[in-house]
Amino acid sequence: MALPALPGSGVQFRRILAHFPQELSLAFAYGSGVFRQAGAAPSQSVHNMLDFVFAVDDSVTWHMMNLLKNRSHYSFLKLFGPKQISNIQSCGAGIYYNTLVQCNGRMIKYGIIGTDALIEDLFHWKTLYVAGRLQKPVKILTQNENGKLQAALLSNLKSAVTAAFLMLPESFSEEDLYMQIAGLSYCGDFRMIIGEDRSKVLNIVKPNVPHFQKLYSNILQECPQVVYKHQLGRLEIDKSPEGQFMQLMALPRTLQQKITSFVDPPGKNRDVEEVLLKVAHDPDCGLVVHQGISGIVRSSSLIQSSKTILTAGFKKSVTYSMKKMYKMTKGWLRKTS
């Protein structure tokens, strides 16, 4: 049975989706407008911006159709046409956002990503930008029968569990696991210093543990390296060098490469397996994994944020940044009061 998001959201999402070209391989909604977050009053959610991601097989064609339907959503870049918009989309995390858009009575933000770019990120964590969002509960609005995409979505969840295991102690609570997973895509993100509520991860997990369980319980029950005491909400994992080596070898390719570049000094050029074996014996194995993830997230978040001035335009960029700063300040005041 599907777990409920915020009340009444299903019909509203479908009405919003009807405003856009329907050639979508995947569409999902996420964020505080969809799932309740700690510290937010129930009535507040109806005023929060709704966030969407649309995966499309042909970005140029989709933007061309969307420009015909929703030209006002775009910044000055609409003057350069769909091909140039698609070129800008491909930079950084491979996603193009239109933000602060009024649609069906709500303020929304929506990102467009190519299906192939999404699959690449889900399997290999090339940028961990959209893959990171899909490691947390989202509201799937539409999904076609693309077998490779479905396999990539599952692979991403398994990779998130594996990376979290490497950064956790031998025994931990289920909530600890979900906190670690929810925080993966924020490792190294400069917006967690300026522009985001620093309690963001806790606020995401606390009220949504059942949603995380729906995503991850089958993976945990089938994983041979973990003892999942579901009734107690506790987990125990194999922290031996052999166990950690198996987990490191199961990580996405880009993260393995990042770890290798951190550990392997210039000139030695050892292969990835040899380096990961060394990391598996390192008492700071979890820290090395964290550094690798931070390296991926830092570069993609910087490039993606720098695109905002182009994709949103100056006025919307300033407005959006001010809204983020306001949320960060509110979170800080809640924490200190």
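The values are calculated or read from the model by the stated rules, or taken from the named source; none is laboratory data. Since the structure is predicted, the reported quantities are computational estimates derived from the model, not experimental observations. Glycine also receives a Cβ, built like all others from the backbone with ideal geometry; neighbour counts cover every protein chain displayed.
Out of the residues in region 301-315 that are part of a helix (DSSP H, G or I) and touching a helix residue (DSSP H, G or I) at 6+ places or on another chain (Cβ under 9 Å), which is nearest to MET179 (Cα to Cα)? Even if it seems obvious, please write down each step before you answer.
Taking region 301-315 and keeping what is part of a helix (DSSP H, G or I), we get 301-311, 314-315.
Right, trim to touching a helix residue (DSSP H, G or I) at 6+ places or on another chain (Cβ under 9 Å) and you get 301-302, 305, 307-311.
Values: SER301: 20, LEU302: 23, SER305: 24, LYS307: 29, THR308: 28, ILE309: 31, LEU310: 33, THR311: 32 Å.
If we take residues in region 301-315 being part of a helix (DSSP H, G or I) and touching a helix residue (DSSP H, G or I) at 6+ places or on another chain (Cβ under 9 Å), then SER301 is nearest to MET179 (Cα to Cα).
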Query - Test: residue in region 53-74 that is assigned to a strand (DSSP E or B) and touching a residue at least 60 places away in the same chain (Cβ under 8 Å) - result: yes
Query raised in the report: What number of residues in region 205-250 are among the polar types (S, T, N, Q) and in contact with a helix residue (DSSP H, G or I) (Cβ under 7 Å, 6 or more places away or on another chain)?
Result: 3
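Tell me the residue from THR127, THR99 that is surrounded by 23 or more Cβ atoms within 10 Å (Cβ to Cβ) and within 17 Å of SER306 (Cα to Cα), please. Break it down into steps so the answer makes sense when it comes.
Details: THR99 fails: surrounded by 23 or more Cβ atoms within 10 Å (Cβ to Cβ).
THR127 is the lone residue from the list that is surrounded by 23 or more Cβ atoms within 10 Å (Cβ to Cβ) and within 17 Å of SER306 (Cα to Cα).
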Query raised in the report: Can you pull out the residues in region 220-253 that are in contact (Cβ under 8 Å) with a residue 40 or more places away in the chain, in a helix (DSSP H, G or I) and either closer than 20 Å to ASP121 by Cα or of a type in the set (Phe, Trp, Tyr) (or both)?
Result: GLN247, LEU248, ARG253
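Would you mind stating whether GLN256 is over 22 Å from SER185 (Cα atoms), polar (S, T, N, Q) and either within 27 Å of the chain's Cα centre (by Cα) or not in a helix (DSSP H, G or I) (or both)?
Values: over 22 Å from SER185 (Cα atoms): no; polar (S, T, N, Q): yes; either within 27 Å of the chain's Cα centre (by Cα) or not in a helix (DSSP H, G or I) (or both): yes.
Criteria not met by GLN256.
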Query raised in the report: Can you pull out the residues in region 284-319 that are modelled with pLDDT of 95 or more and more than 20 Å from the chain's Cα centre (by Cα)?
Result: ASP284, CYS285, GLY286, LEU287, VAL288
